Each structure stands twice: as C-alpha cells, then as structure tokens.
1. ³J(HN,Hα) across region 451-457 via Karplus (A = 6.51, B = -1.76, C = 1.60, θ = phi - 60°), whole Hz, x for Gly/Pro?
2. What is the gain in length, in nm to one decimal, between I218 and R322 on full extension, counting 0.36 nm per residue of separation less the C-alpha to C-alpha distance?
3. Which far-off residues, 5 or more places away or on another chain, put their amide H under 5 Å from the one on K76, with H placed in the peptide plane?
4. Enumerate the amide H contacts of V171 below 5 Å, restricted to partners 5 or more residues apart or on another chain; note that Pro and chain-start residues carry no placed amide H.
5. Let's test the formula: R0 of 25 Å, r as the Cβ-Cβ distance of N137 and I309. What FRET efficiency results, to the nearest 0.05?
6. Using +1 on the beta carbon of Lys and Arg, -1 on that of Asp and Glu, and nothing else charged, what's the dipole of region 42-161 about the Cα centre, debye to 20?
7. Want the number for E228 to V144: 0.36 nm per residue separation, take away the alpha-carbon distance, what's left?
8. Please list, in order, the residues from region 507-522 whose amide nitrogen is less than 11 Å from a point placed 7 Å along the Cα→Cβ vector of E581.
Amino acid sequence: MFDFAKKIFRSFRSHPRNPDYWLRRLLGGIESEAGIQVSEETAMSYSAVYACVRIIAETIASLPLNVYKRLPSGGKQKDTNHYLYWLLHNQPNEDMTSFIWREVAMAHILLWGNHYSLLERDGMGKIYSIYPLLPYNMHVEMVVNPETGKKTKVYDYYSDNGIVRLQPHDVLHIAGLSFDGLVGKTPLGWYREQIGLGLAMQTYSSKFFRNGMHAGGIFTTPQSLKEETYQRLKNELKDKYAGLGKAHGIMLLEQDLKFNQISINPDDAQLLESKKFQVEEIARVFRVPLHLLQSLDRATNNNIEHQGIDFVTHTIRPWLVRNEQAYNMQLLTEGEKRTYFIEHIVDGLLRGDTESRYRSYNIARMGGWMNADEIRELENMNPMEDGQGKIYLAPLNMIPLNQLVGSSVREIGTENIEKTSKIAIENRDLVTERLEKAYKPLFFNALIRILKREKTDVLKIIGKKYNEQDEKDEKILENYYKKHSEFVNLHIKQAIYAFAEALGADKAKTEDISVFSEYYGENFTKLYVESHLDELKGTKIDDFEVKFDNWLENEPEEISNREVRLISKAFSRYMEKIEEENKNN
C-alpha cells in the first residue's frame, strides 16, 4: 500500500521519465479551463508573467554575491582569493557571466520549480566550473546505496547522449516550494488557470483588433445578389478594408449596399478592466508590486518607496536566503563551512533618497560607528586622501564610562577642566568646519535645481512679451516669483534641516531643528526672490538668458559657501539661546 501511494505521488511530478510529460510539451502544455494550452514556455508569452520572472531574476542576478571569511574576533571579511569567489561573483564557466548564470537559475525556479547546475571539480575536489542544466531533463529520486544500505539522492539527467546519473556532489540543486523536500513543484501547478485566462484575453484582443471593420457591422442591400457577385464583394471588402492597417479608410460601396455598424455596449466590453485584474492576479502570485509592472493606477510618490522596500523584504529576501543556504550547503566543503559563508549584498536595493541617506550617514558618523571612508564607499566614492577618512568621530559631551568611575571634579582639577574645555572648543570648531565642507554640496545641488527651474519657467512665461517699460508685464514676473518662492523654500529648507541636524546631533531636539530650518529658510527665500526679481526688472529681455547663465555659473558656489558659514553661526547662537531659556525656566 505504501509503495503504491509513493508511485501515485511520484506520478504527479513532471519529469522526463513520465511519457505524459513529453506529450504535454509536444502539445504546448496542459489545457486550462479557458481553453488555452499552458506550459512554462507559453506562460512566458504572457507579458505579466514575463515581466514578473524578469524582474525577480534580474534583481537577484544584479546583486553582488561574495564569499566571506569569519574573523576570530567576530565580524566578517570578503575573501577575493577563495576559489569560489571568481565563479560566483564574476564568471561561473567559460561561456557565461555570473549575472547570466544566476538569471537563468532564477528563471528555472520561478517556472519549473527547480534549478540544477553541473559542478565540475578538479582532482582535489575543488569546483572550477558551474554549468546550468535544463530542469525538465532532470529526474531526482532517493535510492538505496548497496554498499552502505542508506538512502541517497541521485540525479538522472536526460541528455543527447542518453541518461547520465549524477551524484549529489556533482549537482547544485536549488528547489522551490516543495511538498516532500526532494524537488520543488512547478508553480504552474497552482496558477495555471490565472495564466490561461490571461493568455485567453490576450488572444481574444489580438483577434478582436485583427478585424479592421471592428467585427461588428452588417451590409444590407434591397437587391438579390448572385453567388458570383456576393463572393466578389466579400473578397473586395476583406482585401481593401479588413485589418488594423486598413482601418479608417474611405469605403466605396456598390449594388445599393449600406453598412450598419453594431455598437459595443461598454458594460459588456470590460476587456481592459479584465486584463488589468489579471495582471494583479499574476503580480499577487509572484509577489511583485504593481508599480514594477508599470501599473501605476494606485501608485503615489509616497508609497512607491515603501513598496520597493517591501518588495526587497518579502519577495527578494526569501529567494536570497533560499539560494544562499543552497550555496553554503552544496558548494563549500565540510571543513570550509566553519570558516566561510556565501552571501548577497542587498544594501543597494534599500537606498533611500539623497536626503534620507545623508541623515542616516550623519547619525552613524556623529554616533561614532562609521567613518567618512565607509560612508564614501557606500556612495561609490574613493577614500579621502592621507587617511583622513578613517578617523572616527564622537559627540563632545560623551566620554567612556570607565573615565567617570572613581573620579570627581575635584580630582580632575581646575587646570585640567580649562585645558579640556579649550581642546573641546578647538575640536568643535574643527568638526563644524568639516561639516560645512561635507554639506556644502547639498546646498550647491539644491541651488542648481532652483536656478534651472527658474530659468526655464521665466523664459517660457515671459518670452518676447516682456519689456522693461511695460509695467503690466512686470506684474507677470512678480506673480511668477511669488509662486516660485514655494519651490525655493522647499528645496533650500531640506538642505538647511539636514545641515542643522548634523550640527546639533548631540544636543538639538527635532522640534528645535524644524523651527530653525523653517525660520532660516523663509528668510533666505525672501532675500533670494527679491534679489533676482530686482535684477530681472532692470534687465532687457534679450539679456535674460545671459543673466541666468551667469547666475548658474557663479551663484551656486558663492551662495553655498556663504550659507554654510552663516547657518553654522546662526544655529550655534540659536542653540545657546534655547539653553539659556531652559536654565531660566
């Protein structure tokens, strides 16, 4: 009874040893309820399936895959000299790059439920080549080893040269969702109907538009047509007017023919909505956000970033864990597993916008657990010269706990306090100077964006109508700059907030930083807008473009240099005032 159940269970697996498998492939797959043959190949002809498979496969294939060595003191170190590093990171075999091999592997798992790669080893047992194998040519089963009496997994691969039996150490096997832990089940077994319905609508759409006469018209005539005349008219109408490329042409009729078009009821023609829903069904199966499938009906600027993070966390990460565990179990030797491990780098997928990254870097930098070179590496920048980027900073109002134990102000002494205070002031000035240099590019880029937008808008709105003697047209300029001030304030305030947050990382509250940024941003915007408006009022229209070019060339550098110094001083006075008020209260 048990053997019979095993045979029944095994018969549901699609593998070459089952003749029905080849028959289904020959016929184009299993027919769905929608009447469409669905196989792994035909499924890829459906745009939603193709897009989902491509998005997941390309995303995972594009991630750096490294071999790491565990350090005795804790932590890890990338080992570029390990023999697997080149294979996994760069080139697994002489014909493929790492990207292509991993893309193929993910496509196999997503469509067939399994990926197999042949591992070629040298005399020492080290892998020197990894080649992907076709999953539909592989059959996996457990057999009893006659020497040991234990069950072991074997892989029978059906090649042009016949059946080749491979042992577990010869194959890298990554299985998808499985019911027995031996092989993954093809996902088509679960979502064949969804794909079949999508393919059916795709086929229906093609046939619907293939008929250029809209498949909904009736020709009538009071005359009785002979068979010869009927066939001639039928062929002429089809040749001249049928087909999408011949639509909307002028139709010439004879024999008192009249064409009556049959309109389509919008309530009955829900093809577009049905296709959208089916795209959502496929996206749900693969757990791919709709905005990645270019379905932006419900997407906003606020939720797309969070959907992207959710995609990495709930879609990509489980696949990465599945792959990494297979790599570590099957590619590393038993001795290597204690020292080495294989892991993807996903930091690039979780990168936020510029402002968010700079804020997080600032917290890490001021907190003392990241140095400048580590931050610059994350931003794809070279280390600082002379090793300056390797220095770790720490807040001035924090010292190690062991320096406080058993000591007091009297033990430290007045002389040491004055000396320490002097050093602290010098260090604070040095930190401020470095922060000014670090955040100057933020202001520079914001000013570039502001000026480019300003130049485009002003030249477009004013055009050739502006004349310095025409007071009415000056009002057009004034009205524009009233609106433009909102754009200026928004972009410059973001830079001010990030810089102020860095300056006050060890003592300023969030609400204090917000109040300062709001106040300083409004004052900057007012002076900026008034200055540019006054200059343009005194400039001829023909010189507007030259004026903007001069501003773009000079102002970002001048203003960013000036403002970082002014902001650091203003914020210092602002915080001193807050501290004084807190003491009085």
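Taken together, the values in this text are just the output of simple stated rules run on the coordinates, not laboratory data. Note that the structure is a prediction, hence the values are computed from the model and not measured. When we count neighbours, we look across all protein chains shown, and the Cβ atoms used for this are built from the backbone with ideal geometry, even at glycine.
1. Once rounded to whole Hz, the list reads 5, 5, 5, 4, 4, 4, 5.
2. So the extension gain works out to 31.5 nm.
3. L71
4. L119
5. Values: r = 38 Å, r/R0 = 1.54.
Efficiency, rounded to the nearest 0.05: 0.05.
6. 640
7. 22.6 nm
8. Zone members listed by number: 512, 515-516.
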